[in-house]
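K.L.:
Once you've had a glance at the structure underneath, I'll fire off some questions.
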Amino acid sequence: MYGRRMRTRLAVFLAGVLPLTVVAAPAQAAPPTVALGSVIPAPVDVRPSGGGFRITARTVIEAPAAARGVAEQLGEALRLRVVGHAPPRTGKIALELGKVNGKPESYRLTVDKRGVTLRSATTAGLFNGVQTLQQLVPVSGPRTIAGGEIIDYPRFGYRGTMLDIARHFHTPGEIKRHIDEISKFKVNYLHLHLSDDQGWRIQIDSRPRLTTVGGAAGTGVDGVGGGFLTKADYRDLVRYAASRHVTIVPEIDMPGHVNAAQVAYPELTCDGVAPPPRTDTAVGYSSLCIGSETTYRFVEDVVRELAEMTPGPFIHIGGDEAHATTQADYLTFQKRVLPLVTKYGKTAYGWNEIAAAPEANVAVAQFWSSATQNPAVAAAVANGTKVIMSPANLAYIDQKYDPTTRLGLSWAGYIEVRKAYDWDPGTHVTGVPESAVLGVEAPLWSETLRSLDDIEYMAWPRLAGIAELGWSPARDWESFRTRLGAYGPRWAARGVDFYRSPQIDWAS
Ligand code: ACM
């Protein structure tokens, strides 16, 4: 099945990440180290060598001014001082900006007994290397890092997760803590589902009732999910995410999933009558009025204001489950709305239903279907549409792990850790070759979620597996489950409420 080159690459890859790769112990009994490469997501190329570097209270982090931000983050995590230049013979972790191999986001990490050198052409690459380095520092005991070299870069540029703050609002503080956690696994996009039938969660100056009504107390599923992001909150989140090399993707879901907007602005319905507010979890009953110019003035105002406050490349326009919109109306709507996103300088992104529209040829379709065949998506891909893989039966991290899971839904099936991990985004859908796949995303819908603990319990550990599918060149369940088991104490130490799957032998 694999050619010789592939086998060799796989062997090098597995040698780096399998638990057998215990670092050779030097003569005087060495304290345990984390095997080089025993990292999630698994690095591309790992070459262990003897020796290793012990971090002491005198160790410093050396970094040029341009890398100061990421160096300070490492300094805070390891409780080490950051300097511009370390005196000679000081044990140091040196961050360098310079070419590695020309691949986006790549880094090289070298460890020997004199110190650690982390090199990348970009601060994004240095950030990635810092996440790797932190996982190589033992959770407890002497802080000795195994010797050797890692050269690493991602398989896909887009490694994402989604948080639904429409069905239940999650505060900026909670979102920031979640950003801290996702970025440790090199997840670099956070898609925020900002509007739905039950609530509207982002301030839009030209339509203030969207949030004064749609984000009021009592909105959300069961009436317990009220709240919204002001523009200042959103901009602050964008900045915070950027400091962790995470890009925010805002979503306004339309032409369906718009009940909250219609409660606030009844002119968005065809009869001009406000529907009752909804706090249940039904889907597919609302639609913007496709034949009305009022609709397009509304959509353009929203897209313009979102684009103004979003430095990232994507505006997500939803497009899923528009069951109250005829297909002809759906296509009419997309013909107007997909080009609007381009008009405001962004790439349109939508759930895979948008693939039916010819104007989606310059858009990104988020594949959420549980099927592996979808002729409309395959035809769109042949026409230029790019795809992000989020198959509901594998990547929806709001689905229960098993029938006993207290939180979540199960309409797409139960998704245990292995199921979320053991699939290939590059070959999953017929007619969608790897060259058309920008990456993967694990959506977290929040009908049943109330707290940050709830978010964490559904996300972890599955999101770590999806992150590995997005980053690593090959997957190996036995290796992953071993590395995941060893990671557990890190989540525990940070107070992250993760699911202790029985498929994993968790270290304590
Ligand atoms: C979806 O789950 N309705 C995209």
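The values are calculated or read from the model by the stated rules, or taken from the named source; none is laboratory data. Every value quoted in this text rests on a predicted model; they were computed, and no experiment measured them. As a convention, Cβ positions derive from the backbone with ideal geometry for all residues, glycine included, and neighbour counts pool all protein chains shown. Areas reflect the complete protein model, heavy atoms only, side chains present, ligands, DNA and RNA absent. Shrake-Rupley method; radii C 1.70, N 1.55, O 1.52, S 1.80 Å.
K.L.:
What does the C-alpha gyration tensor say about the overall shape of region 120-185? Classify as rounded when a/c is under 1.5, otherwise prolate if a/b is larger than b/c, or oblate.
P.N.:
oblate
K.L.:
Along the Cα→Cβ direction, 7 angstrom out, place labels at Ala376 and Cys270. What is the inter-label distance in nm?
P.N.:
Taking the simple label geometry, Ala376 and Cys270 are separated by 1.9 nm.
K.L.:
Let's see if you can work this out: charge +1 on each Lys and Arg Cβ, -1 on each Asp and Glu Cβ, no other charges. What is the dipole magnitude of the chain about its Cα centre, in debye to the nearest 20?
P.N.:
Using only the charged Cβ atoms, the result is roughly 2600 debye.
K.L.:
While we're here: Nearest 10 degrees, 0 to 90: what angle lies between the long axis of helix 68-78 and the longest principal axis of the chain (Cα atoms)?
P.N.:
70 degrees
K.L.:
How much of the accessible area of the chain, probe 1.4 Å, is carbon plus sulfur, in whole percent?
P.N.:
54 percent
K.L.:
Stretched out fully, how many nm does the piece from His85 to Asp497 gain, at 0.36 nm a residue minus the Cα gap? Mind showing how you got there, number by number?
P.N.:
Details: separation 412, 0.36 × 412 = 148.32 nm, distance 3.95 nm.
Between His85 and Asp497, full extension yields an extra 144.4 nm.
K.L.:
Compute the helix-to-body angle for 462-471: its Cα long axis versus the longest principal axis of the chain, expressed 0 to 90° and rounded to tens.
P.N.:
It is inclined by approximately 80 degrees.
K.L.:
Hey, can you rank 485-498, 459-472, 197-210, 85-98 by average C-beta count inside 10 Å, highest first?
P.N.:
Working: 485-498: 17.6, 459-472: 26.4, 197-210: 22.5, 85-98: 15.6.
With the highest mean Cβ count within 10 Å placed first, the list reads 459-472, 197-210, 485-498, 85-98.
K.L.:
What angle, in degrees between 0 and 90 and rounded to the nearest 10, separates the Cα long axis of helix 477-494 from the longest principal axis of the Cα atoms of the chain?
P.N.:
For 477-494 against the chain, the angle is about 90 degrees.
K.L.:
Return the long-range amide H neighbours of Glu62 (sequence gap of 5 or more, or a different chain), with a cut-off of under 5 Å between placed amide H atoms.
P.N.:
The list, which skips near neighbours in sequence, is Val83, Ile93, Ala94, Leu95.
K.L.:
Accessible area per residue of the chain at 1.4 Å probe, in Å²? Write out the running numbers ahead of the final one.
P.N.:
Values: 19310 Å² over 508 residues.
Counting only protein heavy atoms, the per-residue value for the chain is 38 Å².
K.L.:
Would you please classify the overall shape of the chain from the alpha carbon gyration tensor, given that a ≥ b ≥ c denote the square roots of the eigenvalues, rounded means a/c under 1.5, and beyond that prolate means a/b larger than b/c while oblate covers the rest?
P.N.:
Because a/c hits 1.5 or more and a/b exceeds b/c, the chain counts as prolate.
K.L.:
In addition: How do the peptides 303-312, 167-176 rank, highest first, by the average count of neighbouring beta carbon atoms within 10 Å per residue?
P.N.:
Ranking, from highest mean packing down: 167-176, 303-312.
K.L.:
Taking 0.36 nm per residue of separation and subtracting the Cα-Cα distance, what length does fully extending Asn383 through Ser243 add?
P.N.:
So the chain would gain 46.8 nm between Asn383 and Ser243.
K.L.:
Work through the residues other than Lys231 whose Cβ is under 10 Å from its Cβ and net out their charges, Lys, Arg +1 and Asp, Glu -1.
P.N.:
Taking every Cβ under 10 Å from that of Lys231, the sum is -4.
K.L.:
Could you order peptides 250-257, 446-453 by the average number of other Cβ atoms within 10 Å of their residues, highest first?
P.N.:
Working: 250-257: 26.2, 446-453: 18.9.
Result, highest mean Cβ count within 10 Å first: 250-257, 446-453.
K.L.:
Okay, moving on. Could you tell me the calculated FRET efficiency between Ser451 and Arg304, based on Cβ-Cβ distance and R0 = 30 angstrom, to the nearest 0.05?
P.N.:
Values: r = 34 Å, r/R0 = 1.14.
Computed FRET efficiency for Ser451 and Arg304 comes out at 0.30.
K.L.:
Quick one: work out Rg over Rh on the C-alpha atoms of region 277-373, Rh as Kirkwood radius. All intermediate terms of the calculation are to be shown ahead of the outcome.
P.N.:
Values: Rg = 13.7 Å, Rh = 14.2 Å.
Using only Cα positions, Rg/Rh for region 277-373 is 0.96.
K.L.:
Going by the alpha-carbon gyration tensor, a ≥ b ≥ c the square roots of its eigenvalues, is region 257-329 rounded (a/c under 1.5) or, if a/c is not under 1.5, prolate (a/b greater than b/c) versus oblate?
P.N.:
prolate
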